[in-house]
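The values are calculated or read from the model by the stated rules, or taken from the named source; none is laboratory data. Because the structure is a prediction, the values reported are computed rather than measured. Note: ideal-geometry Cβ built from the backbone for every residue, glycine included; neighbour counts use all protein chains shown.
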Amino acid sequence: MPESTGEDRVVCGQCKSVGTFSEPVSVIVVFAPAFQKPYPLIPGEDYCVCTACDAIYRLVDSAVAAHPLTRSAGSWTRAIIVFSDGRGADVRAKRRIAQLALA
């Protein structure tokens, strides 16, 4: 997450990029195999995401781990992040997902 440098410049804690952040996140819609429908997570604080690196994956991982229902659902497969300006990001999990055989 962003860190302040004391000069009103914000630095990404992951890639150390300066000032390349999204608008605050309004909602994270999480998809997981255990859910019959996607589950919305609404942040309690203003979180902005660095647009210069893949910090958005860390945001989703942290949000899923922080909520009891999503944490118990197991690994997320997809998330749709909606920002306060109305734009969004479709995020797919980077890990390999085992393919289920259908009989």
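Among the conditions (1) of a type outside the set (Gly, Ala, Ser); (2) within 29 Å of residue 11 (Cβ to Cβ); (3) surrounded by fewer than 12 Cβ atoms within 10 Å (Cβ to Cβ), the only one that residue 37 does not satisfy is (2).
Within the stretch 56-64, is there a residue that is at pLDDT 90 or above, surrounded by fewer than 16 Cβ atoms within 10 Å (Cβ to Cβ) and more than 21 Å from residue 12 (Cβ to Cβ)? No, the stretch 56-64 contains no residue that is at pLDDT 90 or above, surrounded by fewer than 16 Cβ atoms within 10 Å (Cβ to Cβ) and more than 21 Å from residue 12 (Cβ to Cβ).
Scanning the stretch 72-96 for residues that are over 14 Å from the mean Cα position of the chain (by Cα) and more than 14 Å from residue 22 (Cβ to Cβ) turns up 72, 73, 74, 95, 96.
Strands (runs of 3 or more DSSP E) fully within the stretch 1-95 that include at least 1 residues being free of Cβ contacts under 8 Å to residues at least 40 places away in the same chain and touching a Gly at 6+ places or on another chain (Cβ under 7 Å): 2-4, 10-12. Looking across the stretch 41-71 at every residue that is farther than 13 Å from residue 24 by Cβ and among the acidic types (Asp, Glu), the one that is farthest from the chain's Cα centre (by Cα) is identified as 54.
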